[in-house]
Amino acid sequence: MHENFSLKPYNTFGVEAKAKYFTEVRSTEELNEVLEFSNRQKLNTLFLGGGSNVLFTKDFDGSVIKLSLKGISETTLDDNHVLVTAKAGENWHEFVIHCLEKNYGGLENLSLIPGNVGTSPMQNIGAYGTEIKDIFVNCKALNLKNFEVETLNLEQCKFGYRDSIFKQEGKGKYVILEVTFRLTTQNHIIKTEYGAIQSELQKSGIENPTIQDVSRAVIHIRQSKLPDPKEIGNAGSFFKNPTIPLAQFKELEQKFENIQGYLMETR
Ligand SMILES: Cc1cc2nc3c(=O)[nH]c(=O)nc-3n(C[C@H](O)[C@H](O)[C@H](O)COP(=O)(O)OP(=O)(O)OC[C@H]3O[C@@H](n4cnc5c(N)ncnc54)[C@H](O)[C@@H]3O)c2cc1C
């Protein structure tokens with residue numbers, strides 16, 4: 001545990017702010033120990049993954065816990081699917097690449113999103129027509145009220161557009177320890193209709209893209225559009241697309257013929 005510790009390297013804005021206490025935990029045992037300490041000292045606690053969705057406006061007068069639990073495991077589900085579980089501290093993009101190298105499909109459109117696996121359910125991360133809810137099976141989370149580990153399935157997580165139980169009634173109640181995804185091992189579902197993926201693939205002369213081609217296209221588009229937080233501090237887009245009824249969208253289409261819209265499932 002460190003005292004008066006600089007959080008500058010731990011947030012993608014690169015903001016200089018200090019934590020009264022800072023601990024990097026690599027196991028659930030270490031996590032339990034530091035939580036006991038924080039509870040005994042009645043400290044405010046902040047969990048940190050990759051620090052790509054936080055903005056420090058002042059020093060944090062409490063205990064910052066950086067979640068660095070690592071490990072990836074898998075189980076074959078059937079001829080076409082595998083269940084892959086990653087611990088909270090695995091870097092999201094490295095996890096995506098790991099799965100692509102094994103030719104597991106489902107994550108390719110989510111390439112290059114900053115942050116860690118354990119944070120991905122918080123806002124149901126999404127990009128280029130995919131959200132984690134499309135491949136999510138469950139996550140294990142420590143209930144901070146009773147210190148029991150709970151398994152929350154897709155329904156219990158109440159995923160919505162950049163939303164989940166962890167931002168609503170479960171806010172501050174859980175720390176996510178690991179997440180399990182259901183990925184394809186063959187007959188991959190290729191999604192190229194969102195954003196500039198198709199034109200990016202055409203530029204490279206690719207007619208029948210593989211999941212790896214889609215990932216490369218997404219990486220290329222993202223690199224051309226978004227500043228790299230290592231060079232310019234940022235936390236990605238702050239905005240959410242408006243969600244409107246289909247009838248209203250049809251009306252708008254009459255007025256603005258180039259308007260972009262995507263169908264969403266309703267909960
Ligand atoms: C350049 C850039 C591009 C981005 N593009 C996208 C995008 O396309 N789509 C998208 O959805 N998001 C995007 N984001 C936002 C960001 O990548 C995601 O929100 C990501 O999931 C944040 O992960 P993190 O580990 O960095 O979270 P952090 O910033 O470390 O934490 C975010 C919040 O979650 C809490 N938290 C972290 N880990 C846990 C845990 N294990 N259990 C409980 N609480 C936890 C923290 O306390 C904090 O409140 C982008 C960000 C950047 C900088």
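The values are calculated or read from the model by the stated rules, or taken from the named source; none is laboratory data. Quantities reported herein were computed from a predicted structural model and do not represent experimental measurements. Positions of Cβ are backbone-derived with ideal geometry, glycine not excepted, and every protein chain shown enters the neighbour counts. When the accessible area is computed, the model is the full protein with side chains, heavy atoms only, and any ligands, DNA or RNA have been set aside. Shrake-Rupley method; radii C 1.70, N 1.55, O 1.52, S 1.80 Å.
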- Message: Go through (1) assigned to a helix (DSSP H, G or I); (2) in contact with a strand residue (DSSP E or B) (Cβ under 6 Å, 6 or more places away or on another chain) for Thr180 and report which single condition fails.
- Response: (1)
- Task: State yes or no: is Leu83 in contact with a Phe, Trp or Tyr (Cβ under 9 Å, 6 or more places away or on another chain) and farther than 30 Å from Pro227 by Cβ?
- Result: yes
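Look at Ile244 and say whether it is more than 16 Å from the ligand (Cβ to nearest atom), surrounded by 10 or more Cβ atoms within 10 Å (Cβ to Cβ) and closer than 30 Å to Leu55 by Cα. Spell out the reasoning first.
Values: more than 16 Å from the ligand (Cβ to nearest atom): yes; surrounded by 10 or more Cβ atoms within 10 Å (Cβ to Cβ): yes; closer than 30 Å to Leu55 by Cα: yes.
Yes, satisfied.
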- Item | Tally of residues being open to solvent by 30 Å² or more (accessible area, probe 1.4 Å), in a helix (DSSP H, G or I) and within 11 Å of the ligand (Cβ to nearest atom) across the range 206-231 | 3
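Taking the range 7-34 on its own, how many of its residues are open to solvent by less than 80 Å² (accessible area, probe 1.4 Å), touching a residue at least 24 places away in the same chain (Cβ under 8 Å), within 22 Å of Gly115 (Cβ to Cβ) and not polar (S, T, N, Q)? Before you say what the answer is, go through the steps one by one.
Applying the first criterion (open to solvent by less than 80 Å² (accessible area, probe 1.4 Å)) to the range 7-34 yields 7, 10-15, 17, 19, 21-25, 27-28, 30-32, 34.
Applying the additional criterion that residues be touching a residue at least 24 places away in the same chain (Cβ under 8 Å) yields 7, 10-15, 17, 19, 21-25, 27-28, 31-32, 34.
Then drop every residue that is not within 22 Å of Gly115 (Cβ to Cβ), which leaves 7, 10-15, 17, 19, 22-25, 27-28, 31, 34.
Then keep just the ones that are not polar (S, T, N, Q); that gives 7, 10, 13-15, 17, 19, 22, 24-25, 31, 34.
Within the range 7-34, residues that are open to solvent by less than 80 Å² (accessible area, probe 1.4 Å), touching a residue at least 24 places away in the same chain (Cβ under 8 Å), within 22 Å of Gly115 (Cβ to Cβ) and not polar (S, T, N, Q) number 12.
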- Only one of Phe147, Phe136 that is aromatic (Phe, Trp, Tyr), open to solvent by less than 30 Å² (accessible area, probe 1.4 Å) and either without any contact (Cβ under 8 Å) to a residue 12 or more places away in the chain or away from the ligand (no atom under 11 Å from the Cβ) (or both): Phe136
- Any residue in the range 48-68 that's more than 22 Å from Glu29 (Cα to Cα) and open to solvent by less than 10 Å² (accessible area, probe 1.4 Å): show its pairings with residues that are assigned to a loop (DSSP other than H, G, I, E, B) and among the polar types (S, T, N, Q) at Cβ separation under 8 Å, as long as the two are six or more apart or on different chains. Gly51/Asn11; Gly51/Thr12
- Message: Return the residues of the range 97-112 that are open to solvent by less than 20 Å² (accessible area, probe 1.4 Å), among the hydrophobic types (A, V, I, L, M, F, W, C) and within 12 Å of the ligand (Cβ to nearest atom); say none if nothing qualifies.
- Response: Leu110
